[in-house]
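Here the structure is laid out as structure tokens; the discussion comes afterwards.
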Amino acid sequence: MHWADWASFIGGCVALVMPAAVAAAPAKPQCSGTPPLGGGIPIPADFQVLQDRYHEQIMGSLGAQGCTKDSIAKRRSWDDLDDDTRKDYIRAVRCLANEPALTDKSLAPGAVNRLDDFTYIHINQTNIIHQSGYLLPWHRLFLWQLEEALRNECGYKDYLPYWDNARFSADQTKSRVWDGNPATSFGGNGAPRTPPEGGGGGGGPNNNESTIQLLLIPGLVIDFWLPMPLGTGGGCVTTGPFANLTLTLGPVAKPARDPANKYGYLPTPRCLARSFDPSYTGGASLTWGNATAIVLAGDIEDFRAGIERLWHRQSHTFIGGDGADPFSPTNDPVFYLLHAQIDRLWAIWQGQDLQARTYAIAGNRTFFGIPLDYAPEVPPSLATMDDPMEMGLGFRPLTREGMATTELGRCYIYV
Ligand SMILES: [Cu+2]
């Protein structure tokens, strides 16, 4: 098949090889420079070239292991889904929130529902799967497990969507992710925070005047304080389908040590809180320019550095609140769309040269290579393809099993 045929199969763009007059015609599929149907900033030509090459490489590689052009799933932007699919996704997430947890109660007494199973293992693995070589493959399999649960346990018909944040870098709240629609969005910002009683930060190096809070990362042999913007909200989300969601696991990263509940495994019932921090998105970081720069990285070390420096943290801190706790961000259902965008950027990077890049890995075995306080003698050396990853509920794949999107049961492409 010619690559232009693949483009039309995927719903991609062929405008780059068409005369301008044709490219300007009513656009479906959407093309570089043409305003997207769902609004936002059009995909720029340089990113489109990268995405087209990814599509071409993936579609040209299919056939093995039962993943074919007929069976490959399309993961789409939330802003490009139709309302019925958006409603069905939200319904399925709420369905998982109403199913009982499968995690052993002795491991996490606070795990109540099926979403908590995901939060438990994310908390448990946080110091291993972030700022490490496992970041990308671990989260790839994690997203896939959630997608499978939505489809197989709750009847969701489509596939995992992504938060198209570069498209809305001028104002993220213009995205259908955040527009507050009670049935088709994830709700909006949290209510304004209530000032802390007594004004104390509980012993951590914080003060009341700051717009940044420092949070302690537990589990490392050193005290690692993570700066976190306080943002523009901080209270409960009051709009959208998750306004009444009750969280019980976490929070974990806190302004002070919490020896009684170090990892937030004990039940702490509360609302879902957010604190939007637009300063990270007002043209500053989650832009097409940065997305393009990240994907143009020449090797996996630079790619992961770009994701960490320009994208991952900023995506979380834009949301703030529970979605910005490095251990339990999964408490905010939008987490999975946020990480699908990161998985998409990785897939596009891999798709520039599938043969050389699919199994490329770089990084330590722990958070910044810092030893863990429960195993300080274990050297946090470099991650390899043959390391087991702990995914929860008995799933322990090797790193190499989390690298491809069209093998070992995975069969999807980002469009
Ligand atoms: Cu994570």
Using the alpha carbons of the range 138-196, what is the convex hull volume per residue in cubic angstrom, as a whole number? 169 Å³
So what does residue 53 come to for accessible area, using a 1.4 Å probe and Å² rounded to 10? 100 Å²
Using only Cα atoms, tell me the angle between helix 335-350 and the longest principal axis of the chain; keep it within 0 to 90° and round to the nearest 10. 50 degrees
Reachable lysines from residue 262, criterion Cα separation under 18 angstrom, eight or more residues apart if same chain: 105, 254
Rg/Rh (Cα only; Kirkwood hydrodynamic radius) as it applies to the chain: 0.95
What full-extension length gain, to one decimal in nm, is calculated for residue 37 and residue 152 as 0.36 nm per residue of separation minus the Cα-Cα distance? 38.3 nm
Between the helical axis of 83-97 and the dominant principal axis of the chain, each derived from Cα atoms, what acute angle in degrees is found, rounded to the nearest 10? 30 degrees
Which cross-chain or sequence-distant (5 or more) residues have an amide H under 5 Å from the amide H of residue 220, H modelled 1.01 Å from N in plane? 373
Within the chain, helix-based [θ] at 222 nm, where runs of 4 or more DSSP H residues each add -39,500 (n - 2.57), nearest 500: -9000 deg cm²/dmol
By how many degrees, between 0 and 90 and to the nearest 10, does the Cα long axis of helix 114-129 differ from the longest principal axis of the chain? 90 degrees
Which percent, nearest 5, of DSSP beta bridges in the chain are antiparallel? 70 percent
Just tell me which aspartates and glutamates come within less than 19 Å, Cα to Cα, of residue 157; anything on the same chain fewer than 8 places away is out. 70, 79, 80, 82, 83, 84, 88, 99, 147, 148
Would you rank 387, 83 by solvent-accessible area, highest first, keeping every protein chain in place and using a 1.4 Å probe? 83, 387
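The values are calculated or read from the model by the stated rules, or taken from the named source; none is laboratory data. Values in this document were obtained by computation on a predicted structure and should not be read as measured data. We work out accessible area using only protein heavy atoms, side chains counted, and drop any ligands, DNA or RNA first. Shrake-Rupley method; radii C 1.70, N 1.55, O 1.52, S 1.80 Å.
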